[in-house]
């Protein structure tokens, strides 16, 4: 048995694959080049800091709240996030760094948000920070965010006998979440 190609009523054999005219191909190539060269990039992969910045110092954060744990956790979590996502070297001494990231914890509040039977079951922690990245040599501010607000929810037990204070682990989660957001904002200059 042999296969015979289908020939439509026009009398011409059908092409096996469609072809685009050369002008259409040229137009597609120009459109592709224009779209790829217009400055769009995948979020989280930008680096808006000057090329002269190779080292960053992250000293202890200031704390204007009664919560000490979060202010203590933030610098080390931001340090880890910077190391894992960027090419920068983190140094301990601000005098040896090209840039210095400073921060102050301005406000901390925890509010019950969901209740069952007259008892709160969920708490939402809200923290407000001031963060500034400064070029040490020139004094130029490379990034600043005043009043940056971050939130974290955590559950509390309804049964007083089974009560477990999860606020400590919630502060650890909040610190890691803030670190990711801060590093992304610095890299993208948002």
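The values are calculated or read from the model by the stated rules, or taken from the named source; none is laboratory data. Computed from a predicted model, the values in this text were never measured in an experiment. Methodologically, a virtual Cβ is constructed for each residue, glycine included, from the backbone with ideal geometry; neighbour enumeration extends over all protein chains shown.
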Self-check item: Failed item in (1) exposed (fewer than 13 other Cβ atoms within 10 Å of the Cβ); (2) touching a residue at least 12 places away in the same chain (Cβ under 8 Å); (3) closer than 30 Å to residue 51 by Cα, with residue 111 passing the rest
Solution: (3)
Exercise. Among what's in region 36-60 and is outside any loop (DSSP other than H, G, I, E, B) and over 30 Å from residue 168 (Cα atoms), pick the residue that is modelled with the lowest pLDDT.
Key: 36
Quiz prompt | Residue count, region 84-93 (criterion: surrounded by 14 or more Cβ atoms within 10 Å (Cβ to Cβ) and either assigned to a helix (DSSP H, G or I) or touching a helix residue (DSSP H, G or I) at 6+ places or on another chain (Cβ under 8 Å) (or both)) | solution = 4
Exercise. Working only within region 72-94, note down all residues that are in contact (Cβ under 8 Å) with a residue 24 or more places away in the chain and over 18 Å from residue 183 (Cβ atoms).
Key: 92, 93, 94
Quiz item: What are the residues in region 154-190 that are at pLDDT 75 or above, part of a helix (DSSP H, G or I) and within 18 Å of residue 122 (Cβ to Cβ), if any?
Solution: 168, 169, 170, 171, 172, 173, 174, 177
Quiz item: How many of the residues making up region 61-76 are assigned to a helix (DSSP H, G or I), at pLDDT 90 or above and touching a helix residue (DSSP H, G or I) at 6+ places or on another chain (Cβ under 6 Å)?
Solution: 2
Quiz prompt | Among the candidates 150, 143, residue that is in contact with a helix residue (DSSP H, G or I) (Cβ under 8 Å, 6 or more places away or on another chain), farther than 19 Å from residue 76 by Cβ and modelled with pLDDT of 85 or more | solution = 143
